[in-house]
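Presented below is the structure to which this report refers.
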Amino acid sequence: MRRFVWRLQKVLDIKTKEEQLKRMELFRLTETLAIRRSELLMRRRILREIAAEITRDRSAGRLGAQEFFLRNADIDDQLIRRLNAEIEELETQRKHKTAEVLAARRFKEALEKLRTEAKVRFIQEQEKLEQKEMDDRTTIAFARNESMRL
């Protein structure tokens, strides 16, 4: 029996590798996004804790600490805005990359379906050829037996 060879196999292999690469890129983006979100949450939590600590402090040093906090709050606000902007950009990139991964997966699955159908047709054709060959052998053997009898 002949070996099954599909002409589009290289395309399928390339698309499979492409999907894997895009999936890895998506994973990296998601990981970076998670890191930025945790950094943002940590910064916000630290600011809340410092503000709560200043609020609880009833000593004379409270005004100095409050002034220092307010003077440096602008820097923290800028950092938080920058992190928010970065998170939004990463979200956009992640959505785009997710769409690319899904498109690559659909294309690959379509190719795999075509390959399966081609293999089924190939096997059916091979079985027909084998059956024809067996029928021919049987016919020849029968004809020989008949000719020997005569």
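The values are calculated or read from the model by the stated rules, or taken from the named source; none is laboratory data. As the structure is a computational prediction, the values presented were derived from the model and not from experiment. Please note: Cβ atoms are built from the backbone with ideal geometry, for glycine as well, and neighbour counts cover all protein chains shown. Heavy atoms of the whole protein, side chains included, go into the accessibility calculation; ligands, DNA and RNA do not. Shrake-Rupley method; radii C 1.70, N 1.55, O 1.52, S 1.80 Å.
Among the residues in the range 129-140, are any farther than 15 Å from Val11 by Cα, of a type in the set (Ser, Thr, Tyr), open to solvent by 80 Å² or more (accessible area, probe 1.4 Å) and in a helix (DSSP H, G or I)? Yes. Considering the conditions (1) exposed (fewer than 12 other Cβ atoms within 10 Å of the Cβ); (2) closer than 30 Å to Arg28 by Cβ; (3) at pLDDT 95 or above, Leu90 is excluded by exactly one of them, (1). Tallying residues that are open to solvent by 70 Å² or more (accessible area, probe 1.4 Å), free of Cβ contacts under 8 Å to residues at least 12 places away in the same chain and either touching a helix residue (DSSP H, G or I) at 6+ places or on another chain (Cβ under 8 Å) or hydrophobic (A, V, I, L, M, F, W, C) (or both) within the range 1-45 yields 8. The set of residues in the range 63-115 that are free of Cβ contacts under 8 Å to residues at least 12 places away in the same chain and of a type in the set (Ser, Thr, Tyr) contains only Thr92.
So Ala51 fits all but one of (1) touching a helix residue (DSSP H, G or I) at 6+ places or on another chain (Cβ under 8 Å); (2) closer than 30 Å to Lys15 by Cβ; what number is the exception? Answer for Ala51: the failing condition is (2).
Could you check the range 1-26 and list, in sequence order, the residues that are of a type in the set (Lys, Arg) and either part of a helix (DSSP H, G or I) or modelled with pLDDT of 95 or more (or both)? Correct list: Lys10, Lys15, Lys17, Lys22, Arg23.
When restricted to residues that are surrounded by 11 or more Cβ atoms within 10 Å (Cβ to Cβ), acidic (Asp, Glu) and under 17 Å from Arg7 (Cβ atoms), the range 93-128 contains 2. Counting the residues of the range 57-95 that are in a loop (DSSP other than H, G, I, E, B) and either in contact with a Lys or Arg (Cβ under 6 Å, 6 or more places away or on another chain) or of a type in the set (Gly, Ala, Ser) (or both) gives 3.
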